[in-house]
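The values are calculated or read from the model by the stated rules, or taken from the named source; none is laboratory data. This is a predicted model, so every value here is computed, not measured. Heads up, the Cβs are rebuilt from the backbone with ideal geometry, glycines too, and the neighbour counts pull from every protein chain shown.
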Amino acid sequence: MKKNLEELMSQSILYFLPPWTHDKEILTKLLLAHPSIKFVSLVGVDLGGNSTDEKIPISLFLEDIDGFLKVGVQTDGSSVVLHEIATLNNARVDIIPDINVNWFIDYNYEYLDDETGLPIGTLRIPSFLEHNNNLVDSRAVLKRTVDYFSDQLTELFNKYPHVLNEFDIKSIDEIDEISLTTATELEFWVKTPEDLADEEKLSTSQMLKEQYWKRTKGSVRTALEEAMLLLEAYGFEPEMGHKEVGGVTAKIAGTGKLNHVMEQLEIDWKYSTALQCADNELFIREFIEETFERYGLEVTFRAKPIEGVAGSGKHTHMGASIKLKNGKIKNLFSPKSMTEEYVSTIGWGALMGLLKNYEVINPFVTATNDALNRLKPGFEAPICIVGSVGHSPDFPSRNRTVLVGLVRDLNNSLSTRYELRAPNPYSNTYLYVSASYLGMLDGIKFAVTSKLTNKELDIEFSKAAGEEKLYLEKERCYRSEKDVFEDYTEEERNISFGKPPATVWENLMGFKNNSEKIEVLFDGSVFNEAIIHSYRAATIDQWITELVGRIIPNNMAIVRHCKKLKDIDNVTDLDVVNWERINALRNTLMKDSLTSKSLFTRIREAIEEGNYDIASNLQVEMAEKISQLKTAYIIYRRNLLIEVNGFYN
């Protein structure tokens, strides 16, 4: 430790402080040795996934480090998303530092310290939110999940020691600790400010795969390379940064620099423990945005920033392992023979539990209108509750059309894990990872207590729709090694895998319509009714606010944009018919009369009356009509001889 401290003391810039430094004496030495670190910020994460940020002078922190780390600071609960938990008459929330994870130093590269010439730094400390002596934040939920998962597996190993034979472990006394390992892949769009998206050009480029894995250039390349180097400096161990499928080729301006940038990128880094992974991603997302902004580029982490083009996902890899007292690591999902079996008993249980309970997991994964816009056929985004393990154990394969896929390497048993493909960059990692592991644990309990062989568990998982089995629901099929979009019709998908939710409201109904499954979230008091209720209320509030205040106004702008174009000398009967179709859609969407109301008006009224079922159904109808309008207008425009600019959204 002394050597490590000396290394940190000698660094001109500190990027992160590992848990062993969270001691009064060590912290004092390090902070005094790095005077450019001027502030401390406690980072609590509310149920909406929003992080707190405040600037506390480092001098105050140094005056009473022990007290600060113990009691933290107070805030007004109305400023964070804790609906119906922190109420107006009981709004005190304490932000309590977490001393068991890495702390990061966030630097302001636009403001240099007069004394050192280095950028001003803020020590960001991941923290918990406490209300009425209860931890009620997203980080606390994941912390409880990790502890409960470990305790439950230990209990299962005690009662059913035969499971340990798969890992060549003779006794539970050999186990030092059980870990949940998690990693996320972050996709995002980057563009020059004020540029608008030409959907047709982007869609064509995507279909031709003109951008995927291509070489980055200019400011995009520089920003990406700086971001990768910063990842390394912060100890995140970057693995890859590359272009994704979306985007168009940038143009060279008169200055010789690229402009009209519109590209999709992905950055990956090494896995970590579940809680540390979520903390890492929260910080990385912020500094990626700031890094690209320094080069005049705008970053968006929205799930579907451009209609008709690939959205941005956050594929999440989840695994579990055992560390033995002799230092060896055993992957709990890997079978004894990697070439003869897909996964272990625990691995089968985890996969079945995740899929069986997904209706109460999905509300945390897909919580916004934007997120649902991404989950549509044709863009490699999963829409069905179905998984894949591969075509054969000795030949690992990857099915990119399913919700959950098995990732494995025959030469590395430690790499076995499940990839959940539905999350997007703004999904609350803490909450959906928590819910996913709780779902897995439910399946693991079945797999272990049933004492079925791996072959029998394989048969259970591979059941057909309508086939009765011990654990999985009779009506559903849970496995497909086929292309879910190409090899099934929509009707066949709905019958086999269940009809996916079309709106935020439909997705939230998963809590109400699955009373048995929601009990899985309450196990170990990880979630409770207050947290679920608060999360649901906040999500509904966000849904209706965005629907009324953003989606309808944006759609009104689209309706108004679809104007009749003048081509007086060359109008044909087809042009007349095309325009009449467009105008009928415009009136249906937006125009009220004495005898009828438009879709926009009916949605507003349903929300005002609190009739969310009707509002949800009308939202689906509105989306279909807007899509029809945009398509019809493109067809209408193509037949005109006059020059018309591209249709922008």
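None of ILE361, ILE383, ILE306, ILE322 is under 21 Å from HIS162 (Cα atoms) and either in the same structural domain as LYS482 (by TED's automatic domain parsing) or of a type outside the set (Asp, Glu) (or both) except ILE322. Mind listing just one residue for me: the one in the stretch 410-451 that is out of contact with any Leu (no Cβ under 8 Å at 6 or more places or on another chain) and part of a loop (DSSP other than H, G, I, E, B) and, of those, farthest from TYR342 (Cα to Cα)? If we take residues in the stretch 410-451 being out of contact with any Leu (no Cβ under 8 Å at 6 or more places or on another chain) and part of a loop (DSSP other than H, G, I, E, B), then TYR426 is farthest from TYR342 (Cα to Cα).
Yes or no: the stretch 556-574 includes at least one residue that is closer than 30 Å to ASP151 by Cα, among the hydrophobic types (A, V, I, L, M, F, W, C) and outside the structural domain of LEU438 (by TED's automatic domain parsing). Checked the stretch 556-574: no residue is closer than 30 Å to ASP151 by Cα, among the hydrophobic types (A, V, I, L, M, F, W, C) and outside the structural domain of LEU438 (by TED's automatic domain parsing). Here the condition is being touching a Leu at 6+ places or on another chain (Cβ under 8 Å), part of a helix (DSSP H, G or I), modelled with pLDDT of 90 or more and β-branched (Val, Ile, Thr); of THR154, THR145, THR222, it holds for THR145 alone. Evaluating VAL80 against the criteria (1) in contact with a helix residue (DSSP H, G or I) (Cβ under 8 Å, 6 or more places away or on another chain); (2) more than 14 Å from ILE125 (Cβ to Cβ); (3) crowded, with 19+ Cβ neighbours inside 10 Å leaves one unmet condition, (1). Cβ separations smaller than 8 Å between residues 6+ apart or across chains give the following pairs from the stretch 504-529 residues that are farther than 20 Å from LEU441 by Cβ to residues that are surrounded by fewer than 18 Cβ atoms within 10 Å (Cβ to Cβ) and β-branched (Val, Ile, Thr): VAL504/ILE540; TRP505/ILE540; LEU508/ILE540. With the structure loaded, tell me whether THR339 is assigned by TED's automatic domain parsing to the domain that holds ASN428, outside any helix (DSSP H, G or I), over 27 Å from LYS143 (Cβ atoms) and more than 20 Å from the chain's Cα centre (by Cα) or whether it fails that test. So THR339 passes the test.
Go through the stretch 16-64 and give me each residue that's among the aromatic types (Phe, Trp, Tyr) and surrounded by fewer than 18 Cβ atoms within 10 Å (Cβ to Cβ). Across the stretch 16-64, the qualifying residue is only TRP20. Would you mind stating whether GLU481 is assigned by TED's automatic domain parsing to the domain that holds GLY443, free of Cβ contacts under 8 Å to residues at least 24 places away in the same chain, over 20 Å from LEU438 (Cα atoms) and over 23 Å from the mean Cα position of the chain (by Cα)? When the stated conditions are applied, GLU481 does not pass them.
The residues of the stretch 6-65 that are among the hydroxyl-bearing types (Ser, Thr, Tyr) and assigned to a helix (DSSP H, G or I), listed by number, are SER10, THR21, THR28, SER59. Scanning the stretch 134-152 for residues that are surrounded by fewer than 22 Cβ atoms within 10 Å (Cβ to Cβ) and either out of contact with any strand residue (DSSP E or B) (no Cβ under 9 Å at 6 or more places or on another chain) or in contact (Cβ under 8 Å) with a residue 40 or more places away in the chain (or both) yields ASN134, LYS143, ARG144, VAL146, ASP147, TYR148, ASP151, GLN152.
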